[in-house]
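Take a look at the structure below.
The values are calculated or read from the model by the stated rules, or taken from the named source; none is laboratory data. Just so we're clear, the structure is a prediction, and the values are computed from it rather than from any experiment. All Cβ positions, even for glycine, are placed from backbone atoms using ideal geometry, and neighbour counts span all protein chains on display. With ligands, DNA and RNA removed, areas are computed over all heavy atoms of the protein, side chains included. Shrake-Rupley method; radii C 1.70, N 1.55, O 1.52, S 1.80 Å.
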Amino acid sequence: MSSLIPDFATLERRLADLPVVNHRAGEVVLAAGSKTGGLLFLKSGTVEVVKDGVQIASVNAPGSMFGEQAVLLDQPHTADVRTLEQCEFYVADAPAILAGDPTVALYVAAILARRLDAGNRWLVAVKRQVQTGEPPSVIAKAVEKVEELISYGGRDPTGW
């Protein structure tokens, strides 16, 4: 049985007709507190995700998406997405593409499900570290990993 989850090559064929926006290094692509209604897919380059002044992720995987949480929860963006180098993004009107293209909707759902699964696994690891009395520095690294996974703008960095 083939997977319901589309890979990036399949997704990219779906995105091919969307506008591609270029950003120079150092530009804010999404600002915390703003509401854009857009869904961005990284075509090339590297961005950082910054929440409350703290970098929680550096993302360079093509197909990484940004803005989905704000769109799906109908709330402002919760973090800044800033380019670290020249970047290209496919830009989609989120409500239209999610409602109109099941392949894109499945891709978004799969990324969110993988992120949640990885975050849950790391949360269990953190709880075990606390229970066994691991040093605070070890626990802090695991907590950072959980933060990165649940707030990550892109694909699950644990292997997908």
Filter result (hydroxyl-bearing (Ser, Thr, Tyr), open to solvent by less than 10 Å² (accessible area, probe 1.4 Å) and assigned to a strand (DSSP E or B)) within segment 42-89:
Thr83
Sole exception among (1) under 20 Å from Asp93 (Cβ atoms); (2) in contact with a strand residue (DSSP E or B) (Cβ under 7 Å, 6 or more places away or on another chain) for Glu27, by number:
(1)
Restricting the search to segment 91-118, which residues are hydroxyl-bearing (Ser, Thr, Tyr) and either more than 14 Å from the chain's Cα centre (by Cα) or surrounded by fewer than 16 Cβ atoms within 10 Å (Cβ to Cβ) (or both)?
Thr103
Could you please tell me which pairs satisfy a Cβ distance under 9 Å, a separation of 6+ or placement on different chains, a first residue in segment 5-27 that is at pLDDT below 95 and open to solvent by 50 Å² or more (accessible area, probe 1.4 Å), and a second residue that is among the hydroxyl-bearing types (Ser, Thr, Tyr) and not in a strand (DSSP E or B)?
Ile5/Tyr107; Asp7/Tyr107; Arg13/Thr103; Arg14/Thr103; Arg14/Tyr107
Conditions (1) under 15 Å from the mean Cα position of the chain (by Cα); (2) of a type in the set (Ser, Thr, Tyr); (3) open to solvent by 30 Å² or more (accessible area, probe 1.4 Å) -> Ser34 fails only (1)
Considering only segment 4-50, state which residues are among the hydroxyl-bearing types (Ser, Thr, Tyr) and touching a helix residue (DSSP H, G or I) at 6+ places or on another chain (Cβ under 9 Å).
Thr10, Ser34, Thr36
Restricting attention to segment 125-147, does a residue exist that is touching a strand residue (DSSP E or B) at 6+ places or on another chain (Cβ under 8 Å) and modelled with pLDDT of 80 or more?
no
